[in-house]
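Notes for the one structure printed next.
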Amino acid sequence: QVQLVESGGGLVQPGGSLRLSCAASGSIFSINDMGWYRQAPGNQRELVASITTGGNTNYVDSVKGRFTISGDNAKNTVYLQMNSLKPEDTAVYYCNANIIKSGSRWSRNYWGQGTQVTVSS
């Protein structure tokens, strides 16, 4: 079994910062990449940022320059540092990881349970 456990969401004022963490655990052989998605009420889930084990990153345009994704391969953990937060960043943030389980030949995507981020004064 593989689990993704997220932490770090909450309520913050516009212009503030939050740091999300997501740790993968269980029967993991390898992780190809990890990322963060978000879903606001009435909207589709969108990719916010992703990172490969080699350190290559990708961001949605709306967060470039404000959010930074980083990873700790030894801990199977990914972080999302969110600065200069705006009300439109309000959403449930989900961790995603493309993982090959021990004993498996194929990778599949796993999801965390989601953490609420609310940006409001």
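Annotations
- Among the residues making up segment 30-59, a single one is among the β-branched types (Val, Ile, Thr) and outside any strand (DSSP E or B): 53.
- Of the residues making up segment 44-55, one or more are within 23 Å of residue 10 (Cα to Cα), modelled with pLDDT of 95 or more and over 14 Å from the mean Cα position of the chain (by Cα).
- Candidates 51, 28 - the one that is in contact with a Lys or Arg (Cβ under 9 Å, 6 or more places away or on another chain) and under 16 Å from residue 99 (Cα atoms): 28
- Failed item, numbered, when residue 70 is tested on (1) out of contact with any Phe, Trp or Tyr (no Cβ under 7 Å at 6 or more places or on another chain); (2) small (Gly, Ala, Ser); (3) not in a loop (DSSP other than H, G, I, E, B): (1)
- Note on segment 1-29: residues that are more than 17 Å from residue 70 (Cα to Cα), open to solvent by 30 Å² or more (accessible area, probe 1.4 Å) and part of a strand (DSSP E or B) amount to 6.
- Taking the criterion of being more than 11 Å from residue 49 (Cα to Cα) and either open to solvent by 40 Å² or more (accessible area, probe 1.4 Å) or assigned to a loop (DSSP other than H, G, I, E, B) (or both), the residues of segment 73-85 that qualify are 73, 74, 75, 76, 83, 84, 85.
- Qualifying residue in segment 54-64 (condition: under 17 Å from residue 117 (Cβ atoms) and surrounded by fewer than 14 Cβ atoms within 10 Å (Cβ to Cβ)): yes
- Selection count, segment 86-120, where residues are closer than 21 Å to residue 52 by Cα and hydrophobic (A, V, I, L, M, F, W, C): 6
- In segment 65-98, of all residues being aliphatic (A, V, I, L, M) and at pLDDT 95 or above, the one that is nearest to residue 40 (Cα to Cα) corresponds to 91.
The values are calculated or read from the model by the stated rules, or taken from the named source; none is laboratory data. Values in this document were obtained by computation on a predicted structure and should not be read as measured data. Positions of Cβ are generated from backbone atoms using ideal geometry, with glycine treated the same way; all protein chains shown enter the neighbour counts. When the accessible area is computed, the model is the full protein with side chains, heavy atoms only, and any ligands, DNA or RNA have been set aside. Shrake-Rupley method; radii C 1.70, N 1.55, O 1.52, S 1.80 Å.
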